[in-house]
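First up is the structure itself, then whatever we jot down about it.
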Amino acid sequence: MIAELLNRPARLSAPLSRTIDLDGDYVRLMRLRGTWACFDDVQPVGLDPLRFELTTEPAQTRDGQIIPDSHAVIRTDTGAPLGTVGNRFENIQPGSELCPLVEALAQETGGKIAKVSVLDGGKDVLARVILPGEIAEPDGRSINLYSINLQASNVGKGALRIAGSVFRPWCRNQYHAFATGKADRGNQVACVSIRHTESGGSRVRQIRGIIDALRPSFERFQSDFSRLMARPVSFSERQTFYSHVLPVPTIAPGTAGEELRKLMDKRSKVVKTHREFENIVAQYETETAWGALNGVTRWAQHHSKVRGERADSEARAYANLAGGPAYELSVSAQDVALNMF
C-alpha cells in the first residue's frame with residue numbers, strides 16, 4: 001500500500017509550543033496540547049477556500065469586439081475576471097476537481113491537509129498535505145515535517161504541480177529544491193506536472209505515480225540532511241558558504257565613475273546580507289551546516305525585501321513559489337550546502 005512507503009511517526013514529548021506556526025484547525029489543536037502529539041491525533045483541515053467554480057467566456061475589447069482565440073477565466077460566484085487564456089486551455093475546477101485531488105493525496109499517503117491558500121483572488125491555489133513522520137533536529141526542540149504540496153494556476157500560467165518538500169513549522173523554512181529542483185542543477189528529484197489540457201480523470205489517475213516518484217526524494221532527504229545536521233562548521237566556514245551562495249561583486253582595476261559607484265553599492269548590500277545570514281544563525285540556529293543553510297533560507301523566505309510587498313500582501317507568497325527570487329536563493333543555498341559540506 002502507498003501508506004507503507006512512509007514511516008509512522010514517533011511520539012515526541014519535548015515542549016514544542018514555539019514551533020507551531022501553521023494555519024487552521026491543525027495548529028489550534030497542537031497549541032492546545034502544548035506538545036507535539038502523535039500524528040494520528042491530529043484532525044485534518046477543511047477545504048472551504050476552494051469552494052468556488054470557474055467558467056470561460058470569449059474575451060473582448062472595451063468597446064465589445066471579440067478577440068479571436070482568446071477567452072477570459074471568470075469566477076462564477078463573484079464574476080471577477082482572473083485572466084485570459086487560449087483555445088487549448090481547459091478549466092480545472094477548484095471545487096469539483098482540486099478538492100478531490102487534494103483529499104485523495106491525503107488519503108493515499110495517510111497524511112493530513114494542513115493548509116490551503118487561494119492567491120490573487122483565485123488565480124492560484126496552493127495546498128499542503130503533511131505526511132506521517134518527523135525528523136527531529138539535534139537541538140531537541142525543532143522538528144522537520146514531510147509534506148506534499150499542490151500548486152495550481154487557474155489562468156493557465158503553468159501546470160498543476162504536485163511535489164514533495166520538507167519544512168520547519170516554527171519558522172516555515174521550506175526546502176523546495178529537495179523535490180522540485182531541476183536536474184540541470186544536480187538535483188535528481190521528483191516533480192510531476194499535470195497540464196490543464198489533460199482530462200480530470202487523467203489527473204486523478206496519476207496520484208499513485210506521483211507518490212511513488214516522490215519516495216526517493218524523501219529517502220535522499222533523510223540521508224543528506226542528517227549529514228548536514230551532524231556537520232559542525234566554524235565562523236569562517238559559514239562566511240565561505242555565504243560567499244558561494246551570494247558572491248560579493250568584484251571590482252576590476254580601472255573601474256571608475258558611475259559604474260564604480262554601482263558596484264560599490266551592490267558590494268555593500270551583499271556584505272550586509274551576509275551579516276544578516278549570520279545574525280539569524282547566531283540567534284536561532286546551531287553552528288552546523290544545517291544551521292548555516294537555515295540562516296540563508298530563513299532570510300530568503302521571510303526576511304528579504306520583496307518588490308511590491310507593501311502594496312501587495314501576497315507578493316512574498318509568490319516570491320517563495322517556484323521561479324520567485326526567494327525560491328531561487330533557497331535552491332542555490334541547498335545546492336551549495338550539499339556540495340560544500
Environment charge at Asn149 (Cβ cut-off 12 Å; Lys +1, Arg +1, Asp -1, Glu -1): +3
Relative packing of peptides 293-301, 258-266, 70-78 - highest average C-beta neighbours within 10 Å first: 293-301, 70-78, 258-266
Separation between Cα centres of region 269-341 and region 82-136, rounded to whole Å: 25 Å
Net charge over other residues, Cβ less than 13 angstrom from the Cβ of Phe241 (K, R count +1; D, E count -1): -3
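FYI, it's all coordinate maths here, none of it is from the lab. Here the structure is a predicted model, which means the values were calculated and not measured. Note: ideal-geometry Cβ built from the backbone for every residue, glycine included; neighbour counts use all protein chains shown.
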